[in-house]
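Structure record follows, encoded as structure tokens.
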Amino acid sequence: MSANTSVPIYPLLAERKSPRSLDESVTLSPDEIRALLEAARWAPSANNLQPWRFFVGQRGDSVFTNILESLRPFNQGWAKRASLLALVAGVAKNEDGSENNSYMYDCGLAVSQFTLEAHSRGYAAHQMAGFEKDLAITNLSIDSLLLPVVVVAIGKQAGVEQLDEATAQRELAPRVRKPLDELVIKGLPN
């Protein structure tokens, strides 16, 4: 189902969703995983620093399990069926030790391209901030120069019958966003 946009937008953007109901029988091929990561690799980056780092686990491997264990219980409940879990961490300091004030923005751009590539291939992506960063650092032996930013679940969307009632209702609810006149403080054309 396409989003109810105020003007037409690119279909891939209008149709993108973040479902929680995923088909646990689906796996991604190595080429598909590589394509998602390649899309992220070519994201815009301030000063071309590319501060994003991916920890990628396929369902059943230790990286997947380590990421899954770091998720909050609600997210664990549905993300366990994802084909792939990716934790994205960022390099928060520049080589000279100064703060990289744009690392989270750059990581977000990489995740956006990762997400859109997944959707262009018929997969769904769901980003999660609901995870325990300290546990992720421990579980994945994340270098102290990296700060966890987000976890992304990738998989094929499945029916809502596998979800509890409250989560199924959230899944079936219409997609909504704040109107443009609330988001654009100045400069919105009439």
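The values are calculated or read from the model by the stated rules, or taken from the named source; none is laboratory data. Predicted model only: the values in this text are computed from it and were never measured. Here Cβ is always computed from backbone atoms with ideal geometry, including for glycine, and neighbour counts include all displayed protein chains. Accessible surface is based on the protein model in full, side chains and every heavy atom, while ligands, DNA and RNA are left aside. Shrake-Rupley method; radii C 1.70, N 1.55, O 1.52, S 1.80 Å.
Tabulated values for the structure
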read-out	value
Pair list, Cβ < 9 Å and 6+ apart or interchain, from the stretch 160-183 residues that are among the hydroxyl-bearing types (Ser, Thr, Tyr) to residues that are at pLDDT 90 or above and surrounded by 12 or more Cβ atoms within 10 Å (Cβ to Cβ)	Thr167/Arg20; Thr167/Ser21; Thr167/Phe74; Thr167/Gly77; Thr167/Trp78; Thr167/Val160
Single residue of the stretch 155-189 satisfying the filter (in contact with an Asp or Glu (Cβ under 9 Å, 6 or more places away or on another chain) and of a type in the set (A, V, I, L, M, F, W, C)) that is nearest to Glu24 (Cα to Cα)	Ala158
Single unsatisfied condition, Ala86 versus (1) within 18 Å of Glu32 (Cβ to Cβ); (2) open to solvent by 60 Å² or more (accessible area, probe 1.4 Å); (3) in contact with a helix residue (DSSP H, G or I) (Cβ under 9 Å, 6 or more places away or on another chain)	(2)
Candidates Glu182, Glu171, filtered to the one that is surrounded by 15 or more Cβ atoms within 10 Å (Cβ to Cβ), more than 15 Å from the chain's Cα centre (by Cα) and more than 21 Å from Phe64 (Cβ to Cβ)	Glu171
Helices (runs of 4 or more DSSP H) (entirely within the stretch 69-149) containing at least 2 residues that are free of Cβ contacts under 8 Å to residues at least 12 places away in the same chain	73-79, 133-140
In the stretch 1-11, residue least open to solvent (accessible area, probe 1.4 Å) [restricted to those that are within 18 Å of Gln157 (Cβ to Cβ) and either in contact with a helix residue (DSSP H, G or I) (Cβ under 6 Å, 6 or more places away or on another chain) or part of a loop (DSSP other than H, G, I, E, B) (or both)]	Ala3
Boolean, Glu95 is open to solvent by 40 Å² or more (accessible area, probe 1.4 Å), modelled with pLDDT under 95 and not aromatic (Phe, Trp, Tyr)	yes
Residue list for the stretch 23-64, filter: among the basic types (Lys, Arg) and closer than 15 Å to Gly108 by Cα	Arg41, Arg53
Selection from the stretch 15-54 of residues that are under 25 Å from Ala79 (Cβ atoms), in a helix (DSSP H, G or I) and open to solvent by less than 70 Å² (accessible area, probe 1.4 Å)	Glu32, Ile33, Ala35, Leu36, Leu37, Ala39, Ala40
